[in-house]
Amino acid sequence: MSQTILVVVTSHDEIAPGHATGLWFEEFAVPYARFREAGFEIKVASPKGGPTPLDPQSLEMEPSFPTVAAQQALSDTIPLDENVHHGPYCAIFFPGGHGTMFDLPENPHVQRLVTEFIEHDKVLGAVCHGPACLVGAMLHDGTPAASGRRLAAFSNGEERAVDRVDAMPFLLEDRLRELGGEVATADDWTDHVVVDGMLVTGQNPQSSRSVAEAMVGLLRHGPT
């Protein structure tokens, strides 16, 4: 089996003029370190390729996790195109940040990759706003990828807490429910992960390490 994980990050850098956004750094850096610790290779891709925009607020906290290797990995990402497919990878992971809400749901290559990993029964992980990757994806039978799946994602309560409800194209919790997903929420800012077969989703930045741990467990031992 391949020992390489594909990580797909946002390329979107602005919520509104003068209001920067991007990837929430912790949600990439913590799983990145855990995957490497577990012996996996990592390839990082994004819709536009090149350097990844980081949400400035995610860089304001004093990090309790390794940063240098993660920042280097984000400096020159692979552009998503028809040449990026599931074959070389054992898993795919989508970290969050508000940028994902703008460029993941309607990206045809994100939609295709989500479908490929689900239909080939490979591990798919996402955290916080990362489950936006499921919003536009459809299985080959026309079923939304989120339909009937147990999920966690950034909650409506957390979106209200950070005062971003009106700035988002949609509320992720609501949209996943509209698509037939069974979204389970925990208290705001608590570590909360849902595993449904080979699908692993987490609610918020605090869930980043646990999502990575669950993915590593599936890759080593399969579903329980």
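Of note:
- For the range 177-211, the tally of residues that are outside any strand (DSSP E or B) and either among the basic types (Lys, Arg) or within 14 Å of SER155 (Cβ to Cβ) (or both) stands at 17.
- Restricting attention to the range 172-193, the residues that are touching a strand residue (DSSP E or B) at 6+ places or on another chain (Cβ under 7 Å) and closer than 20 Å to THR100 by Cα total 8.
- Selection count where residues are under 22 Å from ALA212 (Cβ atoms) and either polar (S, T, N, Q) or touching a Phe, Trp or Tyr at 6+ places or on another chain (Cβ under 7 Å) (or both), scope the range 75-103: 8
- Conditions (1) closer than 22 Å to PHE28 by Cα; (2) surrounded by 15 or more Cβ atoms within 10 Å (Cβ to Cβ); (3) more than 13 Å from the chain's Cα centre (by Cα); number of the one not met by ALA145: (1)
- Residue within the range 34-47 that is assigned to a loop (DSSP other than H, G, I, E, B), touching a residue at least 24 places away in the same chain (Cβ under 8 Å), farther than 13 Å from PHE94 by Cα and among the small types (Gly, Ala, Ser) present: yes
Conditions (1) in contact (Cβ under 8 Å) with a residue 60 or more places away in the chain; (2) at negative phi; (3) of a type outside the set (Lys, Arg), marked per residue:
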{"position": "GLU14", "(1), (2), (3)": "no, yes, yes"}
{"position": "GLU27", "(1), (2), (3)": "yes, yes, yes"}
{"position": "TYR32", "(1), (2), (3)": "no, yes, yes"}
{"position": "THR52", "(1), (2), (3)": "no, yes, yes"}
{"position": "ALA91", "(1), (2), (3)": "yes, yes, yes"}
{"position": "GLY97", "(1), (2), (3)": "yes, no, yes"}
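- Residues that are without any contact (Cβ under 8 Å) to a residue 60 or more places away in the chain, small (Gly, Ala, Ser) and assigned to a loop (DSSP other than H, G, I, E, B) within the range 155-176 comprise just one, SER155.
- Some residue of the range 152-160 being surrounded by fewer than 22 Cβ atoms within 10 Å (Cβ to Cβ) and either farther than 27 Å from GLU14 by Cα or of a type in the set (A, V, I, L, M) (or both): no
- Residue check, LEU139 in contact with a Ser or Thr (Cβ under 7 Å, 6 or more places away or on another chain) and among the hydrophobic types (A, V, I, L, M, F, W, C): yes
- Residue within the range 59-80 that is assigned to a strand (DSSP E or B) and either of a type in the set (A, V, I, L, M) or at positive phi (or both) present: yes
- A single entry from PRO88, PRO105 fulfils the requirement of being part of a loop (DSSP other than H, G, I, E, B) and in contact with a Ser or Thr (Cβ under 7 Å, 6 or more places away or on another chain): PRO88.
- Across the range 135-154, the number of residues qualifying as touching a strand residue (DSSP E or B) at 6+ places or on another chain (Cβ under 8 Å) and either assigned to a strand (DSSP E or B) or in contact (Cβ under 8 Å) with a residue 40 or more places away in the chain (or both) comes to 7.
Since every read-out is calculated from the coordinates, none of them should be taken as a lab result. Keep in mind the model is a prediction, meaning the values are calculated, not measured. Heads up, the Cβs are rebuilt from the backbone with ideal geometry, glycines too, and the neighbour counts pull from every protein chain shown.
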